[in-house]
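No value in this document is a laboratory result; all are computed from the given coordinates. Computed from a predicted model, the values in this text were never measured in an experiment. As a convention, Cβ positions derive from the backbone with ideal geometry for all residues, glycine included, and neighbour counts pool all protein chains shown.
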Amino acid sequence: MNTSTIPSGAGLLDGRVALITGGGAGIGLGLATAMARHGAAVVLASRRSEVGEVAAAELRAEGLRAFWVRCDVTDPAEISAVVHSTAEDLGRLDCLIHNALDGSASGPLEDATDGDWAALAATSVRASYDCARIAHPHLRATGGSLVLLTSAAGMEGSEVRPLYAMAKAAQRGFAKGLAAEWGPDGIRVNCIAPVAMTPALAGAIHHDPSLGERLVARTPLGRIGDPIDDVGPVAVFLAGDLSRHVTGQTLVVDGGGFRGL
Amino acid sequence: MAINDQDPDAWVAACEAPMVEAIGVARAVGGLADLGDPTAETGARRLVWILPTTALGGSAGFVGVGAAGEGIRALAKGMARQWGPSCTTTVLAVSPTLLFDGSGPSDEWSLSLPALGGPGDVTTDVASLVDLMADPRNRFTTGGTLVADGGSWLAP
């Protein structure tokens, strides 16, 4: 049974095309699902077919337009292939959401390896640069929207995951500068900083039940968000016309846990 | 340089290399045998980062610089949390004019003129703040960003 609060056919993104990196699972799939339910054709770009193919098929079974394409965001050629094929096959590209990330090493800085940073930087900062440059002509043609997934950790810092926080902050800085640069082209650039119950977070809470309790305790709205129904609508907003005069911003979607902006 | 004109090497120089250098600096400071004794006369160790205010607001043509700056600010916050009182760390955000010798991004964030005029002087206006940050009496400031641009950037 579909218990979503998003009514199918609401149509805020009718006729639009969105590409979501890391769209096969977790937050990325939540954003894609919400956007598809609002009428967008969504392309889930991810590395693992056994996850992405199944996710896209489940959306299609719901009557939505969803496709999976393999993409490793550390390879500009693969980004280029998926961006250009999306625009060609679906006729346009209105929104690119860069959500993919590899590298979640935790612990103090001295325990992090150069490889930890290299993986984070490649999939966050460098992939943002590659995605943006490659998608630019298509987004300019549609007056489109680039959305980057960041984190409150990038705004408040983290002693547990200092390099993750650094990478996420850099993406936010990237978005602010690019918003200024691409505004004249009619392209908006924004960030979403979510906290939501993804399979990864559920696994972490299963391993450490107190994590869930601490997260809820710091959240004024008293629960951990849902990727589709709590975070997804923000992606719908940023991809659509309702946000046509919003750029360079970070929307924190965490139930009020971080209120520092 | 607009990002569409910036090849990967230029991108690395503007964005990724400064962040790698910052990680190296933080590791070097964190790896010191005696990070610092906040109870001693000399107090804790201090690490002060100098960044352009571009890191705060972003500027067209300087996307990589802004990205690196925000990344380094987050690193400073994380290090502040990790090091605690043994080593405090503060970001000084100054006018880009001081760092880019006239070839950098604009610091005209506001429709208003800088409250104190700008862009300031490195010796009299910025170095004095480094002294202030390094003073042993300054033992309760860490992880924050102190904006020293003559009152251009007044956002939170």
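What the table below lists for this structure:
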read-out	value
Calculated [θ] (222 nm, deg cm²/dmol) that DSSP helices of n ≥ 4 give over the protein assembly as shown, each run adding -39,500 (n - 2.57)	-12500 deg cm²/dmol
Relative contact order of chain A, pairs being alpha-carbon contacts under 8 Å that are 6 or more residues apart, as %	20
Rounded to whole Hz, the Karplus (6.51, -1.76, 1.60) HN-Hα couplings of the range B:49-58, x for glycine and proline	9, 10, 10, x, 5, 3, 5, 8, x, x
q = 0.10, 0.12, 0.13 Å⁻¹, the range A:11-146: log10 I(q)/I(0) [Debye, one scatterer per Cα]	-0.32, -0.45, -0.52
Sites A:Asp185 and A:Leu211 - FRET efficiency at Förster radius 56 Å, r taken between beta-carbons, to 0.05	0.85
Vicinal HN-Hα couplings computed from phi for the range A:98-103 (Karplus, 6.51 cos²θ - 1.76 cosθ + 1.60; Hz; Gly/Pro x)	9, 10, 4, 7, 10, x
Distance histogram for the range A:108-261 (every C-alpha pair counted, 10 angstrom bins, percent rounded to whole numbers)	11, 35, 36, 16, 3
Alpha carbon convex hull of chain A, projected area averaged over orientations, nm²	13.3
Neighbour-count ranking [beta-carbon atoms within 10 angstrom, fewest first] of B:Met133, B:Met19	B:Met133, B:Met19
Against the rule of thumb 2.2 N^0.38 Å, how large the Cα Rg of chain B comes out	1.09
Rg/Rh (Cα only; Kirkwood hydrodynamic radius) as it applies to the range A:7-61	0.96
Where labels lie 7 Å past Cα in the beta-carbon direction, separation of A:Leu261 and A:Glu156 in nm	1.5
For the range B:133-156 and the range A:127-148, distance of Cα centres in Å	36
Between the range A:209-261 and the range B:39-101, the alpha-carbon center distance in angstrom	27
B:Val94 long-range amide H proximity, modeled H, under 5 Å	B:Leu51, B:Thr53, B:Ala148
In sequence order, calculated HN-Hα J values of the range A:154-168 (Karplus, 6.51, -1.76, 1.60; Hz; x Gly/Pro)	x, 9, 10, x, 8, 7, 8, 9, x, 6, 4, 4, 5, 5, 5
Kirkwood hydrodynamic radius (C-alpha pairs) into Stokes-Einstein, the range A:41-97, 4 °C and 1.567 mPa s, D in µm²/s	112
Net length gained if the chain between A:Ala200 and A:Arg244 were fully extended (0.36 nm per residue, minus Cα distance)	12.6 nm
Relative contact order, percent, the range A:73-189 [alpha-carbon distance under 8 Å, six or more residues apart]	30
